[in-house]
1. What translational diffusion coefficient, to the nearest whole µm²/s, does chain B have by Stokes-Einstein, given a Kirkwood radius computed over alpha-carbon pairs, a temperature of 10 °C and 1.306 mPa s viscosity?
2. From the Cα trace of the protein assembly as shown, what convex hull volume per residue do you get, rounded to a whole Å³?
3. Relative to the compact globular guide of 2.2 N^0.38 Å, what is the alpha carbon radius of gyration of the range B:84-161, as a ratio?
4. Over all distinct Cα pairs, what is the inverse of the mean 1/r for the range B:1-98, reported as the Kirkwood hydrodynamic radius in Å?
5. Where does the protein assembly as shown land at 222 nm, in deg cm²/dmol rounded to the nearest 500, when only DSSP H runs of n ≥ 4 count, each adding -39500 (n - 2.57), divided by all residues?
6. Using amide H atoms built in the peptide plane, which far-off residues or other-chain residues are under 5 Å from A:E241 H to H?
7. In angstroms, what radius of gyration and Dmax does the range A:32-154 have, counting Cα atoms only?
8. Once you keep just the Cα pairs under 8 angstrom separated by 6 or more residues, what percentage relative contact order results for chain B?
Amino acid sequence: MRSPEQARTPIRNEPILRAVGVHKRFGSLEVLRGIDLDVRRGEVVALIGASGSGKTTFLRCINLLEEYDAGQIFVDGELIGYGERDGRRELLPERAITKQRAAIGIVFQSFNLFPHMTAEENILLGPMRVGGKSRQEASTIARAWLARVGLADKLTAHPFQLSGGQQQRVAIARALAMEPKLMLFDEVTSALDPELVGEVLAVMQDLARIGMTMVVVSHEMLFVREVAHRVVFMDEGRVVEEGSPHDLLINPRSERLKAFLSRFQGVFR
Amino acid sequence: MWLELWTAVPALLRGLTVTLELSVLVIFLGSAIGYLGGLSLEYGPNLLRIWVRLYVDTVRGIPVLVLLFAVFYGLPILGTQIGPFEAGVVALSVFAGAHMTEVVRGGIASIPRTQSDAAKAIGLGFWDRLRWVILPQAIRRILPPWVNTAVELVKGSSLVSLIGVVELLLATQQVVGRTFIVIPTYTLAGLMYFTINYTVSRLGALLEHRYAFLRY
């Protein structure tokens, strides 16, 4: 059997994602209270924490599905979503934001496939409309990614004809078809029946192995321990603790993390 | 009697043609206004939204007949000459547009936000999101109330008889005035209205069936 260490590909040094003091509030509720995070190329970072701790909001800020109020997020050196005019922070025009988003893949908890399109059409839409590929080229790309996630035979299936696990794999393929620099996974197995979780995690493990940079919000602690290079524990909109899976999951320092992990007792023995 | 009824058919058909012309124009213009209005309400800047909302709520609160008289008798007072048919087109389109705006807005609003998120996530711009993701799904939900409104408009077109447009209803009344054959003539006209509207409904049902694979 492979040891967990072998499942991890070596990472290079430059950060592909850098978050500095990211703040976000919804009305009077401050969801993110200054998040700092560096993710290097090829690194798999797991975000863990109780619901309401800001993990999902943080992920959504990275590709600007949520605008953030203060701080900076850089992807590949480029400031996401904002520019400066007369020394003031200003939201970029739609076109620029759209371009930035195309380079960041995200997979959602609820799959969010386009129900009126087949699996193939779901995947080729991005390469065609955003990547400027011809229908033929885009179709080739779509077929290749569908095969990669093990669904070569589901080309013409509509989402409602697929199981949850299959839908999620199509959603992953759809994001990958844009050749993103960075993949974000937002509790992608939480909506799945237990017996379907494995097939989705296997695809993610495959991605980690080929060196895809990933930020993964997950409650699958075994997966986190086996695949992540680094684990980040968030609580009340802050990063409370971060380190290797072993350090964090086996020897938590903060009381918060100890309390959080006590729910998963038995998983790590 | 049958012979007299038979000789009246061409007059009725002329009226039917006018009803059809008016209906097609009004449904087309009303839908166009509806899409513009619905999109404005969902995505427009605040000021535009306020104006569209004002238009929709005002027009929906006024009887069509009042609208019709206002256009036909009101516009000339303001210095714009307008024929009865044109006045009918304008008044009914303004009315239809207000209703269609709500129909379109409702259809778009019923598409989960997560669809928009997913479309943004692969880098689609606003118009691409609308064209490829939101509208194809919204149209499925717009369709049933749209058919409903279209059928109402065909029937509502009979109101323009009151400003002297010889459409199907007025043509029927004229035939009755000449021949005194009341029930059969009105029955014939009724059948013609029914045929149009039944066709529209069936077309709608057919389209709906085509989109039946849209499930969540």
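1. This corresponds to a translational diffusion coefficient of 82 µm²/s.
2. 205 Å³
3. That ratio works out to 1.43.
4. The Cα-based Kirkwood calculation yields 15.4 Å.
5. So the helix-based figure for the protein assembly as shown works out to -16500 deg cm²/dmol.
6. A:F233
7. Cα only, the range A:32-154: 17.2, 55 Å (Rg, Dmax).
8. For chain B, the relative contact order is 31 percent.
Every read-out reported here was derived from the displayed coordinates using simple, explicitly stated rules and does not represent laboratory data. Only a predicted model underlies this, so the values are computations on that prediction, with no experimental measurement involved. Every residue, glycine among them, receives a Cβ derived from its backbone with ideal geometry; neighbour counts consider all protein chains shown.
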